[in-house]
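As structure tokens, the structure follows; a few thoughts come after it.
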Amino acid sequence: MMAIRKQTLIGCAILALFVQAAVTADGLDGFRKIAGTVQNAGGEVSKASASIAAVTEEITPEQQYYIGRAVAGTVLKNYKLYDNKAATAYANKICAAITQASDMPLLYKGYYVGILDTDEVNALSSPGGHILITKGLMECARDEDALAAVIAHEVAHIQLGHSVKAIKSNRATNELIKAVGDELPHSGNARILADLGVNVDDMVEELATSGYSKTQEFQADKKALSLMSDAGYDPAAMQDMLNFLKLKEEGQTTGFCKNHPDAASRLKNIKGDLKKFKKEYNRKTREARFTKTQGSL
């Protein structure tokens, strides 16, 4: 009974999300507020010295959100948000379809997708549900399912806790929490303690430049396949996107080429898993809305 209900919900998930009157958050206004918070702080976030709780202490969902907010804000000091509400809402609807069909549909303040106004080909996720993808990467997708593959990969990093592990290994800071602390409820758990001298810029450098480990990238690709299938997207679109990136990375030293394993090794990693997904995903049914959105980029 539960299995039948789950399949029914999965089958309707994408359609329901794209005909609803409004999206939970279109992402653009939310990321604008983040950028404004960092700017109004007079650069204190990037200058802050780092402090963190003992490595064994759990980082709460609330703390993850505000740390991720500060990381996203620091990225937005270097990249402009793409001012396209329709495209941003579209990316967030895809994200909502993926997350609502997953086993982690809710976060402290939900998942947010923002688009960076750059031709670079890259994407980044930070703790607490913040996802940033570049306009250049969106333009690489040949259909909605391929774009869903990119978003599902970043969602997978969040759900697998990779960004939280990055916080712990890089000793995310007490000063970081202090920089956004005015927005935190005044509770005993809303602080990260201990002085280990790492700043937010170091963490951004780690996530945006060095990226996650190869093992974590492979794990995210594999989980993304399941996330896509559960939401009604064709996991084979991940293969399509990686094949395109394989061509794109020749002679490139920035973007995905810099902070992700090479596309060939990622393709090899998912080859066996793709055989598990046999159902029909009807990719063409999403063609019209994808074409409309791509035309606005």
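Below 11 angstrom from the Cβ of ARG283, what's the summed charge of the other residues (Lys, Arg +1; Asp, Glu -1)?
Charge balance near ARG283 sits at -4.
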Exercise. Efficiency by 1/(1 + (r/R0)^6): what FRET value for LYS284 and LYS246, r their Cβ-Cβ distance, R0 = 22 Å, to the nearest 0.05?
Worked result: 0.35
Exercise. By average Cβ neighbour count within 10 Å, what is the ranking of 122-134, 275-287 from highest down?
Worked result: 122-134, 275-287
Seminar exercise, completed: Expressed in nanometres to one decimal, the distance between label points 7 Å along Cα→Cβ at LYS80 and ALA264 is 3.8
For this session: Would you mind computing, in nm to one decimal, how far apart the modelled labels at ASP273 and ASP29 are, each placed 7 Å from Cα along Cα→Cβ?
Result: 3.6
Exercise. In the structure shown, do any of LYS80/LYS246; LYS214/LYS268; LYS135/LYS278; LYS33/LYS93; LYS222/LYS246 have a Cα-Cα gap over 23 Å, and if so which?
Worked result: LYS80/LYS246; LYS135/LYS278
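FYI, it's all coordinate maths here, none of it is from the lab. It should be emphasised that the depicted structure is a prediction, and the values quoted were computed from it without experimental measurement. Cβ atoms come from the backbone with ideal geometry, glycine included; neighbour counts cover every protein chain shown.
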